[in-house]
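In what follows, a structure is listed as structure tokens, so that the remarks can point back to it.
The values are calculated or read from the model by the stated rules, or taken from the named source; none is laboratory data. Treat the numbers as computed from the prediction; the structure is a model and nothing was measured. Please note: Cβ atoms are built from the backbone with ideal geometry, for glycine as well, and neighbour counts cover all protein chains shown. Just so you know, the surface numbers come from the protein's heavy atoms only, side chains and all, with ligands and any DNA or RNA stripped out. Shrake-Rupley method; radii C 1.70, N 1.55, O 1.52, S 1.80 Å.
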Amino acid sequence: MGWRHVLAATTLLVGSSAASAAEIAIEDFFGKWRGVEISIDDTEQAPKLSPSDLDMAVTGEDVGFRIRALALGREPDGTLVARPIDATFAPTETPGVFAFDPGHRSLLSSLFADPTVGNPLEGDTLLWARLQDDALHVYSLAIDHGGGYALEHSTGRLTGDGMATRYELRAENDRVVIVEGRLERAGD
């Protein structure tokens with residue numbers, strides 16, 4: 001999955017507010033969520049978004065999880081566009097860290113390469129997730145046309161009335177855009 005196609009970044013969620021950080025498990029994230037508020041710090045850079053653009057679903061997938069949501073991608077000219085994302089993550093040997101899982105692989109590909117680890121130097125996007133304390137973070141790292149980097153970081157935390165989300169895109173240490181929002185459980 002190359003950065004030219006989509007820089008995968010999603011708005012994510014956290015488990016039950018009654019659970020402490022030590023009790024949070026990936027299963028606490030499962031469900032359908034509906035966006036109810038959104039704010040964008042740079043409306044000139046970002047595409048026009050509404051709260052419903054934050055809608056998402058997180059489901060169990062084998063031993064990991066799957067996220068279906070909206071992502072922001074960059075066109076070669078730098079324009080930000082909204083695109084759907086459907087990404088699956090599998091646990092790694094590091095507790096709380098999940099690697100992007102591209103799905104079923106052939107025996108040949110598993111013998112010669114590990115496609116769950118994208119190589120940004122080859123035009124791939126490196127995508128991973130981390131469950132830490134009371135938040136789920138998703139990161140995306142890609143190399144742009146000039147050899148610089150684009151880093152996306154999405155975080156979600158549960159609040160008393162739903163979930164607060166934050167998405168940040170950085171390019172060469174400059175913040176490009178921040179999208180914040182609030183979601184509520186839509187039902188399962």
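Residues of region 64-98 being assigned to a loop (DSSP other than H, G, I, E, B) and either free of Cβ contacts under 8 Å to residues at least 60 places away in the same chain or surrounded by 15 or more Cβ atoms within 10 Å (Cβ to Cβ) (or both), which ones? Passing the criteria: 75, 77, 78, 79, 92, 93, 94, 95, 96. Within the set of pairs 6 or more residues apart or between chains, which connect a residue that is of a type in the set (Asp, Glu) inside region 18-40 to a residue that is modelled with pLDDT of 80 or more with Cβ atoms less than 6 Å apart? Qualifying pairs under 6 Å: 37/51; 37/181; 37/182.
Select from region 146-188 the residues that are in a loop (DSSP other than H, G, I, E, B) and farther than 23 Å from residue 57 by Cα and write down the one among them that is most open to solvent (accessible area, probe 1.4 Å). Only one residue fits best here, namely 173.
For region 117-136, taking the residues that are open to solvent by less than 20 Å² (accessible area, probe 1.4 Å) and not polar (S, T, N, Q), the one that is modelled with the highest pLDDT is identified as 129.
Return the residues of region 29-49 that are within 21 Å of residue 157 (Cβ to Cβ), more than 15 Å from the chain's Cα centre (by Cα) and either charged (D, E, K, R) or not in a strand (DSSP E or B) (or both); say none if nothing qualifies.
At the first step, the residues of region 29-49 found to be within 21 Å of residue 157 (Cβ to Cβ) are 29-41, 49.
Applying the additional criterion that residues be more than 15 Å from the chain's Cα centre (by Cα) yields 31-32, 34-41, 49.
Those that are within 21 Å of residue 157 (Cβ to Cβ), more than 15 Å from the chain's Cα centre (by Cα) and either charged (D, E, K, R) or not in a strand (DSSP E or B) (or both): 32, 34, 37, 41, 49.
Among the residues of region 50-62, those that are in contact with a strand residue (DSSP E or B) (Cβ under 6 Å, 6 or more places away or on another chain) and outside any strand (DSSP E or B) comprise 51, 52, 53, 54, 55.
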